[in-house]
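First up is the structure itself, then whatever we jot down about it.
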Amino acid sequence: MHVLHTFANNDSVPYLTWFAERARHEGDPRYTFLVMYPKRPRMIDEMRALGFNVEWIPYDDRKRKRGMLLALPRLWWYMRRYRPDVVHCNLFDDSLPGIIAAWLAGIKVRVVTKQDTGFHWLHAPRWMFLDRLISRTATHVIAISEECKRFLIEREHADPSKIVRIHNGIPPEIFTQQDPLVMEQLRVRFGTTGKGPIIGTVARFIEWKGYRYIIAAAARIVLRHPDARFLLCGTGNQEKEIRTLVSEANLDEHVIFTGWVDRQEMASFYGLLDVYLHAAILEPFGLVYAEAMMNGVPVVSTPTGAALDAIVNGENGILVDERSAEALADGVEHLLRSGPRSIGAAGKETALRMYHFNIMWEGTVDLYRWALSKQS
């Protein structure tokens, strides 16, 4: 079985690497990767080292319309050259030209994973017709959460018979290895030694991650917990605005902007936290709070994506209303009072059961095989 993946705006994609490593070990499927990126992507060397083909299509998302138009014939040409059994697209920027190219190339099984449902609905509704076009042109659509599936049916008007829900997955042997030495180094780096509770979030600084509500919640939380520290892990174009909000709320002593933490240190980063706080709005999955749960960190989250699928409120996490600083602050206080260790342990058990990489792998490969069996 030959599967061709398209991917845009990333030069290395961990879960595709995990898929390639697993495929190499099991001998199936055979992969080809078409990567749309401004410069030569790291994935070329990573995937070729595993024995798989990678082709680079220069693409700059700052010139999205022109870039997609230029990418479309190259995607088609590579698909005609490699003649895969399955084409699998992943993000909007590669899915739009990729799924059209696959249709034009006569590929019978065209799969799209909806990783970014809701973005156009919230921020650019005039482009929703393109999301609908992708779903119509695909033969199979993977929804990565129940919320994602409902959105596809209700807002994108996708054919329910095309949709299969497959959660994203995480290899726990990689992402739960906490190193006490690294944890101590991170405590020193962020100045959290002797402070607490330590409340963290990992997300890009963009509007739909809800950082403005986290800062407003932090102002409420420090009134009850003067030693509380908030670790904001990420970068993005909203960072300057959020830094201003922190200063205006007199929270400079309490809020630490960590920048990105190395992926190899992320399990140790989660080990610093007493609470993981997630304020996203309409997020299809949310890999980072699944990682936090898998590391035993109790989660306070808006009811979206993976959190909504996994969390039973008050048992293995806390769910709170979207766009509400008061709800976030109350959720943290409720968690701290009701036994964060037991809730964290229950959340870990849930994440290991629901979001293990093996489940993602098996669900995806089973979909390919089932789809191909219908073509024979």
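Throughout, read-outs are computed from the coordinates displayed, never taken from laboratory work. Just so it is clear, the model here is predicted, and its values are computed rather than measured. Glycine also receives a Cβ, built like all others from the backbone with ideal geometry; neighbour counts cover every protein chain displayed.
Which one of THR302, THR244, THR258 has the biggest mean-square fluctuation once the chain is modelled by GNM with Cα springs under 10 Å? Top of the fluctuation ranking is THR244. Taking a sphere under 12 Å around the Cβ of MET47 and counting the other residues whose Cβ falls inside, with K and R at +1 and D and E at -1, yields a net charge of -1.
Only Cα pairs under 8 Å and 6+ residues apart enter the sum, and on that basis the relative contact order of segment 272-320 stands at 37 percent. Using a Gaussian network model of the chain whose springs link C-alpha atoms within less than 10 Å, name the residue from LYS63, LYS348, LYS108 with the highest mean-square fluctuation. Result: LYS63 has the largest fluctuation of those listed. Relative to the Cα centre, the charge distribution of segment 172-354, modelled as +1 at Lys and Arg Cβ and -1 at Asp and Glu Cβ, gives a dipole magnitude of about 180 debye. Which lysines, on any chain, are close to LYS374 with Cα under 28 Å apart, when same-chain ones fewer than 8 places away are left out? Partners found: LYS108, LYS114, LYS149, LYS162. Per-residue Karplus couplings for segment 52-68, computed as 6.51 cos²θ - 1.76 cosθ + 1.60 with θ equal to phi - 60°, are listed in order as 10, 6, 9, 10, 9, 10, x, 7, 10, 5, 6, 10, 4, 4, 5, x, 5 Hz, Gly and Pro entered as x.
Can you give me the relative contact order of segment 172-354 as a percent, contacts being Cα pairs under 8 Å and 6 or more apart? Show your work: numbers first, answer last.
Numbers: 345 pairs, mean separation 43.0, N = 183.
This gives 23 percent for segment 172-354.
Each of GLN115, SER301, PHE190 was placed along the dipole of the chain (beta-carbon charges, centred on the mean Cα), and the one lying farthest toward the positive end is GLN115. For a quick check, take a GNM of the chain with Cα springs below 10 Å and name the residue from LEU72, LEU50, LEU91 with the largest mean-square fluctuation. Comparing LEU72, LEU50, LEU91 in the GNM, the peak value goes to LEU50. Exposure proxy ranking for TYR59, TYR78, based on other Cβ atoms within 10 angstrom of each Cβ and starting from the fewest, stands as TYR78, TYR59. Put in line by how crowded their Cβ is, counting other Cβ atoms within 10 Å and starting with the fewest, THR117, THR137 read THR137, THR117.
So what's the back-of-envelope 222 nm ellipticity for the chain, counting only DSSP H runs of four-plus at -39500 (n - 2.57) apiece and dividing by all residues, rounded to 500? Write down the numbers at each step before the final one.
On the way: 17 runs with 184 residues, N = 376.
Mean residue ellipticity, 222 nm, calculated: -14500 deg cm²/dmol.
In a DSSP loop and with at most 15 other Cβ atoms within 10 Å, the chymotrypsin sites (Phe, Trp or Tyr not before Pro) in segment 255-340 are TRP260.
The dipole here belongs to the chain: it is taken about the Cα centre, uses +1 on the Cβ of Lys and Arg and -1 on the Cβ of Asp and Glu, and is about 1440 debye. Taking amide H as placed 1.01 Å from N in the peptide plane, ARG165 has its amide H under 5 Å from the amide H of ALA143, each at least 5 places away in sequence or on another chain.
Partners of LYS195 within straight-line reach, counting lysines whose Cα lies under 30 Å from its Cα and excluding those fewer than 8 residues away in the same chain: LYS209, LYS240, LYS348. Which is farthest toward the positive dipole end of the chain among ALA23, HIS2, GLY317, measuring Cα position about the Cα centre, with Cβ charges +1 (Lys, Arg) and -1 (Asp, Glu)? With unit charges placed on the Cβ atoms, the residue in question is HIS2. Near LYS39, which lysines are there with a Cα under 21 Å away, not counting those fewer than 8 places off in the same chain? Once the sequence-local lysines are set aside, what remains near LYS39 is LYS63, LYS65. Exposure proxy for PHE33, PHE151: other Cβ atoms within 10 Å of each Cβ, ordered fewest to most, give PHE151, PHE33.
Think of each Lys and Arg Cβ as +1 and each Asp and Glu Cβ as -1; about the Cα centre, that makes the dipole of segment 304-376 roughly 360 debye.
What Kirkwood radius, in Å to one decimal, follows from the Cα pairs of segment 241-289? Mind dumping the intermediate values first?
Details: mean 1/r = 0.0758 Å⁻¹.
Evaluated on segment 241-289, it is 13.2 Å.
Ranking THR176, ILE134, ALA203 by Cα position along the charge dipole of segment 67-223, where only Lys, Arg, Asp and Glu carry charges on their C-beta atoms, puts ILE134 farthest toward the positive end.
For segment 172-354, the direction-averaged projected area of the alpha-carbon convex hull comes to 9.1 nm².
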